[in-house]
Amino acid sequence: MAAEILDGKKVAQEVRAALKEEVARLKAGGLTPGLAVVLVGEDPASKVYVKQKEKACREIGFASQVHRLPEDTGEERLLRLIHELNADRAVHGILVQLPLPKQLDANRVVQAIDPAKDVDGFHPFNAGRLAAGLPTVVPCTPRGIIHLLDAYGIPIAGRHAVVVGRSNIVGKPLAQLLLGRDATVTVCHSKTDDLAAFTRTADILVAAVGRPRLITRDMVKPGAVVVDVGINRLPEGIVGDVDFKAVREVAHYITPVPGGVGPLTIAMLLKNTLEAALAGRGGGPRGE
Ligand code: NDP
């Protein structure tokens, strides 16, 4: 039997509807959550992501602002903007869209963001708290994946989760979250010898690589939960890191691309911003 689809679009819509109601309540009480998005340069994918985020903010009732800076922006100019946003009380969340043009050091830029406003959860302060198992701002994509698994009642504790990819944005924080939920976690990467030997043992298999259809049917254990984070732009359209059609025949659950993890990422960005606004007011939970 073909795997059940983990419908990220539907789950994200539910999250957004709940957040919208909360935003309306907060606004009635005088608090409008504000997100500032900074886009440097002309990267086509980044422009699309920023547009999506802007639209999502508008729909939910946030005060959003997008700062578009030219490709040749120097570090000093960008850091000045971040310092201004850090000091702006109407801005609760700051997001610098990555990747940045090559003259800019992403680490230095991310570290300039006030950790309390770091709604991407990329600041080392927040990454460190996550690694230590402390409440913190959780990066949007990993948080969205856990939310999606929970929405379908998929058990995590005691399961073997294999995460392919070890980026600071997806793979590493997701591994921390899965560990925090009592999964046994294996993290694979480009130097992993015999990747298939690991993926075949996964109860929960997450591909966050950026290689079209890297995960083939023979690499998946029958009955596994397969989460595809990859976004690969091919002439025939956007495809994930998983050979969806073939893997769907053996998996129990699978996320589509598009319509799987992507919508949850944006929903969690909204959630992180709302929580930053609440925390800034002196209350409200942080993290999952
Ligand atoms: P990175 O390029 O930062 O990391 C990719 C990871 O994959 C690295 O750890 C790399 O290993 C590993 N890798 C590369 N090739 C192989 C291979 N052949 N076998 C095993 N591992 C390999 O990417 P990101 O984590 O930022 O993103 C991954 C994908 O997810 C991309 O397609 C991106 O577009 C997408 N994405 C989607 C989001 C969404 O909302 N749906 C959000 C964020 C990202 P090594 O460390 O050794 O180099």
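Between the Cα long axis of helix 75-87 and the first principal axis of the chain there is an angle of about 80°, rounded to the nearest 10. Of all lysines in the structure, the ones whose alpha carbon falls short of 22 Å from that of Lys55, not counting any fewer than 8 places away in one chain, are Lys9, Lys10, Lys20, Lys27, Lys47, Lys117, Lys271.
I'd like the orientation of helix 261-280 relative to the chain: the angle between its Cα long axis and the longest Cα principal axis, in ° from 0 to 90, rounded to 10. Helix 261-280 sits at roughly 40 degrees to that axis. For the chain, the C-alpha radius of gyration sits at 1.00 times the compact-globule guess of 2.2 N^0.38 Å, with N the residue count. Nearest 500 deg cm²/dmol is fine: what mean residue ellipticity at 222 nm does the chain get from its DSSP H runs of n ≥ 4 alone, each adding -39,500 (n - 2.57), divided by its residue count? So the helix-based figure for the chain works out to -12500 deg cm²/dmol.
Ligands, DNA and RNA left out, the accessible area of segment 140-263 computed with a 1.4 Å probe is 54% carbon and sulfur.
Kindly identify segment 130-224 as rounded, prolate or oblate by the Cα gyration tensor criterion: order the square roots of the eigenvalues as a ≥ b ≥ c, call it rounded if a/c is under 1.5, otherwise compare a/b with b/c, prolate if a/b is larger, else oblate. Prolate is the answer for segment 130-224, as a/c is 1.5 or above and a/b outweighs b/c. Take segment 28-114 with all the other protein chains still there, run a 1.4 Å probe, and you get 51 Å² of accessible area per residue.
Going by alpha carbons, how many degrees (0 to 90, nearest 10) lie between the helix axis of 140-151 and the longest principal axis of the chain? Tilt of helix 140-151: around 50 degrees. Ligands, DNA and RNA left out, the accessible area of segment 38-103 computed with a 1.4 Å probe is 53% carbon and sulfur. Among the protein heavy atoms, those of Arg68 account for about 130 Å² of accessible surface (1.4 Å probe, every chain in place). Averaging Cα coordinates gives a centre for segment 1-35 and one for segment 115-165; these two points are 18 Å apart. Is the shape of segment 28-114 rounded, prolate or oblate, going by the alpha carbon gyration tensor and its root eigenvalues a ≥ b ≥ c, with a/c under 1.5 for rounded and a/b larger than b/c for prolate? Oblate, because a/c is 1.5 or more while a/b does not exceed b/c.
The values are calculated or read from the model by the stated rules, or taken from the named source; none is laboratory data. Everything quoted here is computed from the prediction, not taken from an experiment. Note: areas computed on protein heavy atoms with side chains; ligands, DNA, RNA excluded. Shrake-Rupley method; radii C 1.70, N 1.55, O 1.52, S 1.80 Å.
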